[in-house]
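Let me begin by presenting the structure, written as structure tokens, before commenting on it.
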């Protein structure tokens, strides 16, 4: 009976998808959202839930005890065992978003297959609970490109929800590590990513402490819909957007785009220019109406003429080496740095001459005949690296023989396809 119901849903959704694709025009692409208003006191707790959501009851119990709303992105797999969980999530007043039917890489699917995934999952959730996933979609593995965003927009999902804080709970890390990642990464408008499955056992123990800590810091808990609104379009129309990478500083971004720190802070409601987080999306002021918007990669900055550099908040040796076309090893050697991971704000570094060996290679730096590589830094994810180099998670995973795209390690060298 279970298999028959799942097959019926898939076939029904497939027929609907075929009809829709044949009769509709393109809508606006889905908007990628990494965080809410940086000038608010709001945070959103989100949980990705697949068919193995064994920790859902414990998570719901904690949320109910603290009277905290959350958003669950569900990949149902058409599994009837999921129905009681979905019903209880809805009964407690939490929001549900679409995480696909069977959690595939969307960048490897056709438009028809993506629509089928979204519509099959929506149909199952509606039949199970009477509740819609609305306009909110989270791509499996955080894997998306322009085709995915267009298809999601065509399917009515105007909001593609990412995150600003990744707990990495799916790695099986401890509750203490999960709490620490949240405390280290949280900022106003933060979206926290957690999971409900058996591979994230630390989440249930960490959740009460996360809630208590954030509450003590003055944060208010909201759902994603409450944070961004169901018709969120965000930012300046046609404006250039930039997603902050590990090691970025506001001053470096301002320099790359020919603007100022004050202008960036004002355009993005940033109260403390020294505090930005990886994954946060910035609107670049003065770019509205230019090229139709969307995230862009800045032009490669002119090579600085200074022979020294003063470390700023958020800097890493890897980022500095990349900006000055040298290597971490060369800077460390030049400045007698024994631990390249340990530099401090205000430290003055002597910059060695350019080197074409090792270290980071910027996306536009290498000739077509050269191999571009990237060395994984603390806080990196494969999707962030893919986004930076205009490729996909699946392409990176294939090029580097990575069997689990959610698991990369600091210092790992990634070949960019």
### Task
State whether one or more residues within segment 118-132 are without any contact (Cβ under 8 Å) to a residue 40 or more places away in the chain and either surrounded by fewer than 17 Cβ atoms within 10 Å (Cβ to Cβ) or closer than 26 Å to residue 62 by Cβ (or both).
yes
#### Entry: Among the residues listed as 94, 26, the single one being farther than 30 Å from residue 272 by Cβ and modelled with pLDDT of 90 or more
94
### Query
Filtering segment 134-157 down to residues that are in a loop (DSSP other than H, G, I, E, B) and surrounded by 21 or more Cβ atoms within 10 Å (Cβ to Cβ), which residue is farthest from the chain's Cα centre (by Cα)?
155
## Note on the structure
Of 361, 369, the only residue that is in a loop (DSSP other than H, G, I, E, B) and either loosely packed, with under 11 Cβ neighbours inside 10 Å or modelled with pLDDT of 75 or more (or both) is 369
### Message
When you check residue 81 against the structure, is it surrounded by fewer than 15 Cβ atoms within 10 Å (Cβ to Cβ) and at pLDDT below 95, yes or no?
### Response
yes
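The values are calculated or read from the model by the stated rules, or taken from the named source; none is laboratory data. What you see is a predicted model; the values in this text were computed from it and never measured. With ideal geometry, Cβ positions are generated from the backbone for all residues, glycine too; neighbour counts draw on all protein chains shown.
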